[in-house]
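Visitor: Handing you this structure, nothing more for now.
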Amino acid sequence: MTISGARVVDAHVRVGECREAALPLHTLLATMDRLGIDAALISPPERCIAYHNAEGNALTTGAAAASGGRLYAYAVANPWRGTDALAELDRARSAGAVALAVDPVLQGFDLHDGLLDPLLRKACDWRWPVYVRTGTPPTALPLPLASLARRHPDVTFIMGRSGATDFWIDAIPALRYAPNLLADTSYAPWDTVLSGFGADPSVGPERVVFSTDAPYTVPEVELERILDWPLPAADRARVLGENLTRLLP
Amino acid sequence: MDIPIIDFHTHTPAWDHASWLAGAAFTPADFTAFLDSAGIRAAVVLSHDGLFHATPEANDRLAEFVAADPDRMVGFGTVNARYPGAAEEMERCFGTLGIRGLKIHPWLQGVSMHEPSLDPIAEVVAAHGGSVLCHDGTPPYATATQIAAFARRHPTVPVVLGHAGLHDTWREAIAAVTETANLYICLCGVPPYAGRHIIDRCPPERVLFGSDAGLSDQVGQAYAVARAHEITRWGVDDTTLRRVLYDNPRDLLGGWPQ
């Protein structure tokens with residue numbers, strides 16, 4: 001598989017042992033080599049998102065530091081931890097984290113209960129993009145995320161999974177409502193969901209970022225879908241990496 | 001690996017009543033060309049228009065569509081349980097149109113699986129040896145355990161979870177299928193890691209595959225072709241895969257196709 005001229009950056013993978021899937025670092029790097037993926041943002045496994053935040057941040061920042069620039073670390077901190085969560089983000093940033101990953105279901109909060117706002121203010125100060133997994137009602141949905149994004153207009157949010165699957169119907173209305181919200185390609189067929197993003201005048205390929213969401217997927221299938229999507233080469237390059245690269249240090 | 005596929009979850013075009021989620025127009029010949037391109041031997045074709053407006057005409061057009069190649073397509077019609085004459089229309093589907101089952105989409109059709117108005121319709125399905133396929137994976141009207149409760153009210157009717165719980169309720173779907181003898185699970189729109197666990201944990205004779213073809217904005221149904229190819233890369237052994245892709249759906253369809 002070759003991707004001529006495009007720098008490919010995977011916006012979201014989870015490394016380590018999740019409940020029903022696992023992604024060892026050496027497997028991730030081998031897959032990136034095989035598929036021509038230049039860089040990836042890595043999030044820790046589910047238990048580290050929910051509870052063992054420090055362990056998760058040590059895993060992602062350590063892996064990023066040892067990767068020669070191929071891996072970038074998401075930081076995680078359960079918002080219920082209050083000031084301890086903010087201190088955890090400080091530590092993760094010192095260790096090299098460049099973005100915040102949030103999962104309202106795993107972390108047990110509501111995007112509009114106020115718990116996340118102090119973390120978002122940190123992300124704003126540091127110019128970190130914020131990945132929020134979506135798709136699960138009632139607390140992890142595209143439109144509530146869009147409302148949150150409008151309250152934090154200087155933060156760029158990535159709508160993880162773009163509402164997959166039944167809340168794909170809310171993805172474009174959310175993107176129209178919040179200009180600082182980006183769509184994520186994982187799971188999304190090019191001939192239904194992605195073509196809708198591409199054709200909408202207020203969205204377009206410049207607001208879509210490629211993601212494999214490994215280890216939950218077959219990564220080559222996630223990439224093949226973007227290569228099959230009939231886009232001008234410049235737009236495909238934006239989706240595959242340029243849009244996200246602008247948000248990274 | 002050369003396993004024939006019976007795709008248990010496809011749709012006709014949306015002809016009249018879908019004001020969104022409609023996709024491209026296509027003919028029966030286009031559809032069988034898609035089946036060929038995806039390596040699919042035969043398909044259960046579900047109503048599409050009828051999910052938005054469940055009229056007898058929608059079932060007529062479904063029957064006409066699958067009649068173009070009865071060796072490769074069977075139809076599952078639909079009725080809205082709240083409409084007067086719904087059970088009679090279901091009877092007409094089986095007795096006159098050659099329909100083989102009932103498709104229910106609780107959130108599109110606004111029907112709870114607990115509504116008693118579904119029961120006489122299910123009794124018609126039972127009398128004809130048909131099956132019910134129900135959209136699932138989406139609260140509040142289409143969870144696996146809600147559909148399992150309906151299945152337990154009609155223990156002689158095979159009831160298929162049309163989406164295996166999708167991304168958020170597939171663990172619940174496994175539990176429901178495991179504890180409900182007439183509940184089947186169709187791997188359709190479920191993420192690969194979940195699909196592997198479903199195959200590992202559910203009764204092996206009750207796992208099916210579906211592509212959800214028919215919704216694409218391309219006549220060739222690109223995403224459905226990709227899904228049919230993707231499942232062969234989930235790391236499932238060939239013997240199990242053959243059961244899921246061919247033997248199980250063929251058994252459920254009474255040995256069709258020949």
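The values are calculated or read from the model by the stated rules, or taken from the named source; none is laboratory data. Worth saying up front: this structure is predicted, and the values here are computed from it rather than measured. Here the Cβ positions follow ideal geometry from the backbone for every residue, glycine too, while neighbour counts run over all protein chains shown. To get the accessible areas, we keep the full protein, side chains included, count just its heavy atoms, and leave off ligands, DNA and RNA. Shrake-Rupley method; radii C 1.70, N 1.55, O 1.52, S 1.80 Å.
Visitor: Are any of the residues in region B:80-94 under 13 Å from the mean Cα position of the chain (by Cα) and away from every other protein chain (no Cβ under 14 Å)?
Guide: No, region B:80-94 has no match at all.
Visitor: Determine which single condition B:GLY254 fails, assuming it passes every other condition in (1) under 30 Å from B:TRP15 (Cα atoms); (2) within 13 Å of chain A (Cβ to nearest Cβ); (3) in contact with a Gly (Cβ under 9 Å, 6 or more places away or on another chain).
Guide: So the condition that B:GLY254 fails would be (2).
Visitor: Here's something else I'd like to know. Out of region A:218-249, which residues are assigned to a loop (DSSP other than H, G, I, E, B) and under 12 Å from B:GLU230 (Cβ atoms)?
Guide: Answer for region A:218-249, where residues must be assigned to a loop (DSSP other than H, G, I, E, B) and under 12 Å from B:GLU230 (Cβ atoms): just A:VAL218.
Visitor: Keeping to region B:198-212, report how many residues are closer than 19 Å to A:VAL218 by Cα and either in contact with a helix residue (DSSP H, G or I) (Cβ under 6 Å, 6 or more places away or on another chain) or crowded, with 18+ Cβ neighbours inside 10 Å (or both).
Guide: Counting residues in region B:198-212 that are closer than 19 Å to A:VAL218 by Cα and either in contact with a helix residue (DSSP H, G or I) (Cβ under 6 Å, 6 or more places away or on another chain) or crowded, with 18+ Cβ neighbours inside 10 Å (or both) gives 6.
Visitor: Quick one: in region A:1-35, of everything that is small (Gly, Ala, Ser) and surrounded by 15 or more Cβ atoms within 10 Å (Cβ to Cβ), which residue is nearest to the chain's Cα centre (by Cα)?
Guide: So the residue we want is A:ALA11.
Visitor: Okay, next question. Answer yes or no as to whether B:ASP217 is more than 25 Å from B:GLY129 (Cβ to Cβ), in contact (Cβ under 8 Å) with a residue 60 or more places away in the chain and away from chain A (no Cβ under 14 Å).
Guide: The answer is no for B:ASP217.
Visitor: Search region B:93-138 for residues being touching a residue at least 60 places away in the same chain (Cβ under 8 Å) and open to solvent by 40 Å² or more (accessible area, probe 1.4 Å), and hand back the single one that is nearest to B:PHE76 (Cα to Cα).
Guide: B:ARG100
Visitor: Looking at (1) among the aromatic types (Phe, Trp, Tyr); (2) open to solvent by 20 Å² or more (accessible area, probe 1.4 Å); (3) within 9 Å of chain A (Cβ to nearest Cβ), which is the only condition B:TYR193 fails?
Guide: (2)
Visitor: Return the residues of region B:5-22 that are at pLDDT below 95 and more than 12 Å from B:ASP49 (Cβ to Cβ); say none if nothing qualifies.
Guide: Hit for region B:5-22 is B:TRP20, nothing else.
Visitor: Considering only region B:56-70, I want to know if a residue exists there that is in a helix (DSSP H, G or I) and touching a Pro at 6+ places or on another chain (Cβ under 6 Å).
Guide: So far as region B:56-70 goes, yes, one or more of its residues are in a helix (DSSP H, G or I) and touching a Pro at 6+ places or on another chain (Cβ under 6 Å).
Visitor: Aromatic (Phe, Trp, Tyr) and open to solvent by 40 Å² or more (accessible area, probe 1.4 Å), is that true of B:TRP170?
Guide: No: the conditions fail for B:TRP170.
Visitor: Any idea which residue in region B:223-258 is nearest to the chain's Cα centre (by Cα), counting only those that are among the small types (Gly, Ala, Ser) and open to solvent by 30 Å² or more (accessible area, probe 1.4 Å)?
Guide: Among those that are among the small types (Gly, Ala, Ser) and open to solvent by 30 Å² or more (accessible area, probe 1.4 Å), it is B:GLY254.
Visitor: Given (1) modelled with pLDDT under 95; (2) open to solvent by less than 40 Å² (accessible area, probe 1.4 Å); (3) of a type in the set (A, V, I, L, M), where does B:VAL79 come up short, assuming only one miss?
Guide: (1)
Visitor: Continuing with this model, one more query. I need the strands (runs of 3 or more DSSP E) fully contained in region A:1-89, keeping only those with at least 2 residues that are within 14 Å of chain B (Cβ to nearest Cβ).
Guide: Where strands (runs of 3 or more DSSP E) fall fully within region A:1-89 and carry at least 2 residues being within 14 Å of chain B (Cβ to nearest Cβ), they are A:9-14.
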